[in-house]
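The values are calculated or read from the model by the stated rules, or taken from the named source; none is laboratory data. Only a predicted model underlies this, so the values are computations on that prediction, with no experimental measurement involved. Positions of Cβ are generated from backbone atoms using ideal geometry, with glycine treated the same way; all protein chains shown enter the neighbour counts.
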Ligand SMILES: Cc1cc2nc3c(=O)[nH]c(=O)nc-3n(C[C@H](O)[C@H](O)[C@H](O)COP(=O)(O)OP(=O)(O)OC[C@H]3O[C@@H](n4cnc5c(N)ncnc54)[C@H](O)[C@@H]3O)c2cc1C
């Protein structure tokens, strides 16, 4: 129990956990091998209202708060971090589309999204680099009643599995920085779009790759927000995904800790359970303490969002701390299983899976710059 989760949220979380144990956990390792998300499972999740429940009912959501999205997200991630990308991408893109898209264009897509019938990607990073996110090169030019896109987005999660993507590109002059960026909603079946798939260390069921755009024509009606304002308006959605990513990786750390506590209480060495040795139990107690605290910070960020209060700094704190802590936690848990932890199996897959979020959605250095700017002021913390 904690002050953020009332009885309704706990019941929602319990329901999601039962589904995740029965339906998602059994395919965890198999999906890592086949490198594909399970579309049928996505639809089951949608039918149960597990995808972007925070969206209004007119868009297929349940009109619940962001904490509801958070508790479901945790339970899916606990069973399979890759499958929980379905929740993450739906909540991030769902917020962007519902706030900045033309209702007649985005409504049908949001209904498919919440039903688990569509997967949406977010395409920001380019080959030149991702940290300096406003320094985009992908070209978006206006030609009558369409935009024409040329260029490459890279390291995009679900690049080859997504049905559509939110794509950021430059409509302004090359040196226009954040003020010359426009966001478009782009169905992936348009002529001129191709993609590649990378061979990733972890998160292999969702995967990453490049998306190539060659004279891709997108109607003006698919613009998200105002022209040249895509970066300033649409990027605010990332505060939401940063708090969700925190819960996502900590859910993996928590299940790893549970299994490891149970293992060290039962396995013997030198005539005692492993947990009798402080080198074992204090290491786990230390990590368990930090995981508990980091989770509360993530819930606090979502609670602030639900209250309409500023939470950019808190979200950035979640995004740098939780992935680092989750990686350290799963690493130590793996070691507590001795040679068995090193075999291909759930623990080594978890370690591979959580590592990606020390990079994806922005590195620790960039998150700390965001926190510093919130605290000291933007002028005092230039890039
Ligand atoms: C698992 C995963 C999923 C991803 N999914 C997506 C996705 O769906 N969509 C998408 O658009 N992108 C995605 N990315 C890309 C990701 O957002 C970028 O990789 C990330 O923003 C960093 O950009 P980069 O890799 O180009 O590193 P660079 O920008 O080249 O940075 C390299 C290193 O330099 C450091 N650095 C850079 N600038 C500074 C600075 N000012 N101060 C201190 N250190 C600095 C960085 O922290 C980093 O350690 C994903 C990446 C991963 C690994």
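Numbers for the structure displayed
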| quantity | calculated |
| --- | --- |
| Residue satisfying condition, being in contact (Cβ under 8 Å) with a residue 60 or more places away in the chain, surrounded by fewer than 20 Cβ atoms within 10 Å (Cβ to Cβ) and over 21 Å from residue 203 (Cα atoms), within set 48, 62, 9 | 9 |
| Filter result for the condition that a residue is within 21 Å of residue 257 (Cβ to Cβ) and buried (at least 21 other Cβ atoms within 10 Å of the Cβ), over 287, 335, 297 | 287 |
| Yes/no for residue 356 being at pLDDT 95 or above, closer than 16 Å to residue 203 by Cβ, in contact with a strand residue (DSSP E or B) (Cβ under 9 Å, 6 or more places away or on another chain) and assigned to a helix (DSSP H, G or I) | yes |
| Condition check for residue 144: out of contact with any strand residue (DSSP E or B) (no Cβ under 9 Å at 6 or more places or on another chain), without any contact (Cβ under 8 Å) to a residue 12 or more places away in the chain and more than 14 Å from the ligand (Cβ to nearest atom) | yes |
| Selected residue (criterion: nearest to residue 228 (Cα to Cα)) from residues of the stretch 122-134 that are more than 6 Å from the ligand (Cβ to nearest atom) and crowded, with 17+ Cβ neighbours inside 10 Å | 134 |
| Residue within the stretch 91-98 that is surrounded by fewer than 24 Cβ atoms within 10 Å (Cβ to Cβ) and away from the ligand (no atom under 16 Å from the Cβ) present | yes |
| Checklist (1) within 16 Å of the ligand (Cβ to nearest atom); (2) in a helix (DSSP H, G or I); (3) buried (at least 24 other Cβ atoms within 10 Å of the Cβ) applied to residue 70, failing item | (1) |
| Any chance residue 205 is surrounded by fewer than 21 Cβ atoms within 10 Å (Cβ to Cβ), touching a residue at least 24 places away in the same chain (Cβ under 8 Å) and closer than 30 Å to residue 297 by Cα | no |
| Filter result for residue 41 (touching a residue at least 40 places away in the same chain (Cβ under 8 Å), surrounded by 14 or more Cβ atoms within 10 Å (Cβ to Cβ), in contact with a helix residue (DSSP H, G or I) (Cβ under 9 Å, 6 or more places away or on another chain) and over 24 Å from residue 304 (Cβ atoms)) | yes |
